[in-house]
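J.: Take this structure first; my questions come after.
A short reminder: the numbers here are calculations on the coordinates, not readings from a lab. Since this is a predicted model, take the numbers as computed values, not measurements. Here the Cβ is made from the backbone with ideal geometry for all residues, glycine too, and neighbour counts use every protein chain on show.
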Amino acid sequence: MLDIIIRLAQDFRAQHKQLYMVGGTVRDVLLQRGESADADLATDALPEEIKRLVAPTRPSAVVLVGERFGTVRLIYESNNIIEITTFRSERYNPESRKPEVCFGTDLAEDLQRRDFTINALARDPLNGSIIDLFAGRQDLEEHIIRAVGNEPDKRFDEDPLRLLRAIRFAAQLDFEIESSTWQSIKRQANKLQKISRERIRDEMNKLLVSAHPAKGLDLLVEAGLMEYIMPEVMELRGVSQQPTPRAASSKDVYAHVLRVVERTQPKLKNRWCGLLHDIAKPRTKSVEDHKVHFFGHEDVGAHMARDILKRLHFDREFIDSVSRVVRLHMRANAYTIDWTDGAVRRLMLDADHDLPTLLDLSSADITSYRVDKVARATARVAELTERCQRLREEAERVPIKSPLDGNELMQLFERGPGPWLRPLKEYLLSLVIDGALASDDKERAVSLAKEFVEREKL
């Protein structure tokens, strides 16, 4: 990647144009986070000039990302992606959902318009020198997120999405937010309402798959931002899972959910399932005989998860998967070694391709502080995982299907398609799932089908 950047910088300089590595690219170099496959560069060249100047490096694709933002994306055969953006000088309309961008010619002005000091850094690819006008290197060393300049309110006025970005960076880097920047975030939390749901969703996704998602989620709640993202999460606070207040601190639903999110695999679907699996507990809580219950919270939660993800404009497949896992998580948690193979097969069929996510959530859902309880629960999930694997391998050898399909049943009973057919097909399939009927035993299936039709008067 660096050799391509140096070649680009040489070609730009030959044409009297500036080219600098900027933002996260420089930040990650200074943090020694390793070389990324992506890089951000900034220049005083205009988009059409950029496209002409990059041609000698033979990118496999050159894409103008957004003409008004002046960003040209270069894709190379090695899967390296370089984005080059014309220096920016921005005007802001407080009523707009997005900043108004003008092209500039000055690196200092471009850096001044950036959000946080750790992102307001530039690096000359030809000599390696760092341009640091706002003490960003010191904030990197001290692990601090600080708004550029002396007026953090202005930075967030310019683009309220920065309220969320500050917390996302804190979660990704495990940094602390500087005091005046933090106070400004809390003061202006309601301005997040101006931001499109898609932009909020994208920041939430990055936060959730970060190294410290619980930290980020807790900061969103403490800053008052969560109220404008998912107010349902705010309801989790203070909801005890124990009848006595003495144990409330360790059994608070909110604290439990944060721990589950941390324990899930850092995959987007898994983290969203962890966040939403108990979202309905505040709305389903009841106390009977000195015991706390959340009857049906998995079903109510599946509907709530669907509504939340729709609001954030996720695609249908993602919404279906998360709501499915939320609905099934109590079944997976209820597994015991005496379950029949049929019961395990039903769980597998209902979970479908989301079974690995469901098992990961079941494992992450073990947040007790008692070592013996954790050990038993961990063994339970391991046993369920092993049985699912064994039954999956068996199903690959002998597929789980009814011995008689719909056409054969209609021919057997000399009847056309209709509502009578579905319960009969489900009955025969359930027998195969339970191991009471072989999937190739047509003779017995015929006998059982006739008995079922007569018994149920279909």
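J.: Please work out how much length the chain gains when fully extended from Ser129 to Thr105, using 0.36 nm per residue of separation minus the C-alpha to C-alpha distance, in nm with one decimal.
T.: 6.7 nm
J.: Working out 0.36 nm times the residue gap between Ala61 and Ala382, then minus their Cα-Cα distance, what length gain in nm do you get to one decimal? The partial results should precede the final answer.
T.: On the way: separation 321, 0.36 × 321 = 115.56 nm, distance 4.64 nm.
Gain in length upon complete extension: 110.9 nm.
J.: For the chain, what proportion of DSSP beta bridges, expressed in % and rounded to the nearest 5, is antiparallel?
T.: Here the antiparallel bridges make up roughly 75 percent for the chain.
J.: Near Lys442, which lysines are there with a Cα under 25 Å away, not counting those fewer than 8 places off in the same chain?
T.: List returned: Lys401, Lys425, Lys450, Lys457.
J.: Over all directions, what mean area does the Cα convex hull of the range 406-456 project, stated in square nanometres?
T.: 3.3
J.: May I ask for the distance between the Cα centers of the range 108-158 and the range 196-228, given as a whole number of Å?
T.: Their Cα centres are 22 Å away from one another.
J.: Here's a follow-up. From the P(r) of the range 144-229, can you give the percent of Cα pairs sitting at distances over 20 Å? Please list the in-between numbers first.
T.: On the way: 850 of 3655 pairs.
That tail contains 23 percent of the Cα-Cα pairs.
J.: Also, I was wondering about something else. Greater than 24 Å separation of Cα atoms is the criterion. Which listed pairs, Lys17/Lys206; Lys154/Lys191; Lys191/Lys267; Lys194/Lys310; Lys186/Lys285; Lys186/Lys310, meet it?
T.: Distance filter (> 24 Å) returns Lys17/Lys206; Lys191/Lys267; Lys186/Lys285; Lys186/Lys310.
J.: Over the range 236-397, what number does the Rg to Rh ratio reach, with both radii from the alpha-carbon atoms and Rh per Kirkwood?
T.: 0.97
J.: Of all trypsin sites (Lys or Arg not before Pro) in the range 386-443, which ones are in loop regions per DSSP and have a Cβ with at most 14 other Cβ atoms within 10 Å?
T.: Working: sites: Arg387, Arg390, Arg392, Arg397, Lys401, Arg415, Lys425, Lys442; in loops: Lys401, Arg415.
Within the range 386-443, the qualifying trypsin sites (Lys or Arg not before Pro) (loop, at most 14 other Cβ atoms within 10 Å) are Lys401, Arg415.
J.: Once both labels are modelled 7 Å past Cα along the beta-carbon direction, what's the Glu142-Phe318 spacing in nm?
T.: The two pseudo-label positions are separated by 3.7 nm.
J.: Are there any chymotrypsin sites (Phe, Trp or Tyr not before Pro) in the range 298-387 that are in a DSSP loop and have at most 12 other Cβ atoms within 10 Å? List them by number. Don't jump to the answer; show the numbers that get you there.
T.: On the way: sites: Phe314, Phe318, Tyr335, Trp339, Tyr369; in loops: Phe314, Tyr335, Trp339, Tyr369.
When the chymotrypsin sites (Phe, Trp or Tyr not before Pro) of the range 298-387 are filtered for loop state and at most 12 Cβ neighbours within 10 Å, Tyr369 remain.
J.: Would you calculate, for the chain, the mean residue ellipticity at 222 nm contributed by helices, counting each DSSP H stretch of 4 or more residues as -39,500 (n - 2.57) and dividing by all residues, to the nearest 500?
T.: Here the helix-only value at 222 nm equals -15500 deg cm²/dmol.
J.: Next up: Calculate, for Asp174 and Gln10, the FRET efficiency according to 1/(1 + (r/R0)^6) with r their C-beta to C-beta distance and R0 35 Å; round to the nearest 0.05. Don't skip to the answer; put the middle values down first.
T.: Details: r = 37 Å, r/R0 = 1.06.
After rounding, the FRET efficiency stands at 0.40.
J.: Which distance in Å, rounded to a whole number, links the C-alpha centroids of the range 1-40 and the range 394-455?
T.: First find each Cα centre; the distance between them is then 64 Å.
J.: Fully extended, how many nm does the chain gain between Glu151 and Ala395 (0.36 nm per residue separation, minus their Cα-Cα distance)?
T.: Full extension from Glu151 to Ala395 adds 81.5 nm.
J.: Could you please report the charge total around Gly224, scoring K, R as +1 and D, E as -1 over all other residues with beta-carbon less than 10 angstrom from its beta-carbon?
T.: Details: positive: Lys186, Arg187; negative: Glu222, Glu227.
Result for the local shell: 0.
J.: Can I ask one more? Find out how many positive minus negative residues lie around Leu53, taking Lys and Arg as positive, Asp and Glu as negative, among other residues whose Cβ is under 14 Å from that of Leu53.
T.: +2
J.: Let me ask something additional. Mind checking the range 1-35 for trypsin sites (Lys or Arg not before Pro) that DSSP puts in a loop (not H, G, I, E or B) and that have at most 15 other Cβ atoms within 10 Å?
T.: Numbers: sites: Arg7, Arg13, Lys17, Arg27, Arg33; in loops: Lys17, Arg33.
Counting only loop positions with at most 15 other Cβ atoms within 10 Å, the trypsin sites (Lys or Arg not before Pro) in the range 1-35 are Arg33.
J.: Here's something else I'd like to know. What stretch of the chain, leaving out the sites themselves, is the longest with no GluC sites (Glu not before Pro) in a DSSP loop having at most 13 other Cβ atoms within 10 Å?
T.: 143-413
J.: Determine the dipole magnitude for the range 372-458: charges of +1 sit on the beta-carbon of Lys and Arg, -1 on that of Asp and Glu, nothing else is charged, the reference point is the Cα centre, and the result goes in debye to the nearest 20.
T.: So the dipole magnitude of the range 372-458 works out to roughly 300 debye.
J.: For the chain, just the Cα atoms, rotate onto the principal axes and tell me the three extents in Å, largest first.
T.: Taking the Cα atoms of the chain, the three principal extents are 88, 59, 42 Å.
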